[in-house]
1. Which FRET efficiency value, to the nearest 0.05, do you get for Phe25 and Phe246 by plugging their Cβ-Cβ distance into 1/(1 + (r/R0)^6) with R0 = 45 Å?
2. Give me the extension gain from Leu74 to Leu223: residue separation times 0.36 nm, minus the current Cα-Cα distance, reported in nm with one decimal.
3. Where in region 168-184 is the amide nitrogen less than 17 Å from a point lying 7 Å along the Cα-to-Cβ axis of Leu66?
4. What's the FRET efficiency of Phe161 with Arg340 using the Cβ-Cβ distance as r and R₀ = 35 Å, to the nearest 0.05?
5. Can you tell me the FRET efficiency between Phe296 and Gln233 if r is taken as the Cβ-Cβ distance and R0 is 30 Å, rounded to the nearest 0.05?
6. So, by mean Cβ neighbours within 10 angstrom, what's the order for 234-246, 50-62 with the highest one leading?
7. Using each residue's phi in region 8-22, evaluate 6.51 cos²θ - 1.76 cosθ + 1.60 at θ = phi - 60° and report the 3J(HN,Hα) Karplus result to the nearest Hz, with x for Gly and Pro.
Amino acid sequence: MEGRPPIRWSTWAFIFVFAITLIFFVVVVWPFLIPVLIGAFVAVLFDAPHEALVERLHGRRGLAALLSTVAVFLLLLVPIGGVVFVLVQQAIELAGNLTEYLGPGGLSALLGGQIPEPLRPLVSRLEGLGIGAELEKALASLGKYLAGFVGGILSTATAVFINGFLVIVSMYYFFLDGRRLLGELSRATPLDVRYEKEFFQEFRDVAQTMIFVNVVTAVVQGLLGGIGFVVVQLPTPLVWAVLMSFLSLVPILGTGLVWAPAGLILLLSGRTVAGIFLLAWGLLVVGSVDNLLRPFLAKGRIRLHPLLVFVTIFGGLAVFGFVGVVIGPLIGSLFTAMVRIWKRDFAPRLAAPGPS
């Protein structure tokens, strides 16, 4: 009886060796997987202008990849470096101004009587628990903490340099060989070509959309939060604006980790109107713009339910850290694409009656 040739022992041996090699390969590249993924995301994000540059350079992909990498570096990394430099300067200034801002009596005098009458029982309770003294000690040592923090940054400079270097190198090679690598991957997998194209289209759409949505939302929330801090005349608003931009990626709490304590401190210091304004501004404007802006920006760009967007962002942050805000929705979108393909192409075949 004719049939398929039996799988030889050499085939099983190759599969076993291949699996072991794959495991060791993943172990080796895992520590640097995130920088490589970031490079891939950036290359996907700027794929259209890069391909237009390749066409203008008459197909010289090497030169185009180099120019695209330099352009992205100047467009993204240099402004970020400038913001970080200003942020560190203002953080040091903030530490120096804390004592002046709290007044000559320090936190004890601040909590001792210069507070609204309705809040005095709460303050008395906090003082009875010794919280005021602990807060005063913590604020008094903030300068030392910031100095230690700067030292910690310097000690991790090597790791930051390596990761940044890997992002740039990965970005260059994805610009240079990204499409060829996709072709090689396509030939190495048994999937139908149309499914691979659909997966790649889903990947590109979600990557571009989530990066765009998160960056715009973070900038808008940081800008609005900074405006609130300027209005109530709190020191170093740029520090808090940048911090709120980063924290806007944290689900549920987000920017509230900044404006809520600041508003409470204003209330405790006797600036009742400013405290109420900052809390209302943070809750009604800064906090709500996230829920309004994300669905609006993502509408029509990706085929992922808003609930799944929220769940995958939260899960991505828990598993992958900061870049999980992009990786999580990517995984969720690829999963829904596979479900969609299954319902469209495979389920009808299984449901169709067989020949009688």
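Read-outs throughout are calculated quantities, based only on the coordinates presented, and are distinct from any laboratory measurement. Here the structure is a predicted model, which is why all the values come from computation and not from measurement. Here the Cβ positions follow ideal geometry from the backbone for every residue, glycine too, while neighbour counts run over all protein chains shown.
1. After rounding, the FRET efficiency stands at 0.85.
2. 51.4 nm
3. The answer is 168-177.
4. Numbers: r = 43 Å, r/R0 = 1.21.
With R0 = 35 Å, the Cβ-Cβ based efficiency is 0.25.
5. Numbers: r = 32 Å, r/R0 = 1.07.
It comes out at approximately 0.40.
6. For the peptides 234-246, 50-62, the packing ranking is 234-246, 50-62.
7. So the J values, rounded to whole Hz, are 7, 4, 5, 5, 4, 5, 5, 4, 5, 5, 4, 5, 4, 5, 4.
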